[in-house]
1. Say whether the condition of being closer than 25 Å to ILE19 by Cα and surrounded by 20 or more Cβ atoms within 10 Å (Cβ to Cβ) is met by at least one residue in the stretch 56-63.
2. Would you be able to tell me the number of residues in the stretch 64-120 that are more than 21 Å from ILE19 (Cα to Cα), at pLDDT below 95 and basic (Lys, Arg)?
3. Kindly indicate whether ASP102 is touching a residue at least 40 places away in the same chain (Cβ under 8 Å), touching a strand residue (DSSP E or B) at 6+ places or on another chain (Cβ under 6 Å) and surrounded by fewer than 17 Cβ atoms within 10 Å (Cβ to Cβ).
4. From the residues in the stretch 125-139 that are touching a residue at least 60 places away in the same chain (Cβ under 8 Å) and more than 10 Å from MET23 (Cα to Cα), which one is surrounded by the fewest Cβ atoms within 10 Å (Cβ to Cβ)?
5. Select from the stretch 21-33 the residues that are modelled with pLDDT under 95 and either over 19 Å from the mean Cα position of the chain (by Cα) or part of a helix (DSSP H, G or I) (or both) and list them in ascending order.
Amino acid sequence: MNFKGAKVEQSNGIQYETIADYMAKDLITFTPDMEIAEAIDIMLKKRISGGPVLNEKRELVGMLSEKDCLKVLVQSSYHNIPSGKGTVKDYMSTNVKTLEMDMDVVSCANEFLTTYFRRFPVTQNGVLKGQISRRDIMRAAQKIKSTTW
């Protein structure tokens, strides 16, 4: 099923585009066994604030964010050990909420308002298809015309 350009009708009869129209599809991903220092280097080089963590079967097992990476600095300082030791699985968040591709942009905006997450992995039938961020939804909001309110 192709969700590009799809519309979802709300209970008030208004139709909004789905998050499939705005999500990032070409993702930089990490593996649980990757050295955390390497993951941090990738995030800085690619100018990203986080990404999905996939196991060897390409299944989503976590998310790695800038906030998770800050734990490296704090823990190494506290334990007086060199910074950057450990693997992604030692620092990643495993409490991952996913959104389905056919979710409308307004419902997604509400998810961002009611959680502290800055990005959500987007799935279709449990398979990772992309990632949607707050900024992606802000771009969608620009396209919603005032006549649809």
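1. Yes, that holds for at least one residue.
2. 3
3. yes
4. Once the filter is applied, the top-ranked residue is ARG139.
5. ASP21
The values are calculated or read from the model by the stated rules, or taken from the named source; none is laboratory data. Just so it is clear, the model here is predicted, and its values are computed rather than measured. All Cβ positions, glycine included, derive from the backbone under ideal geometry; neighbour counts span all protein chains shown.
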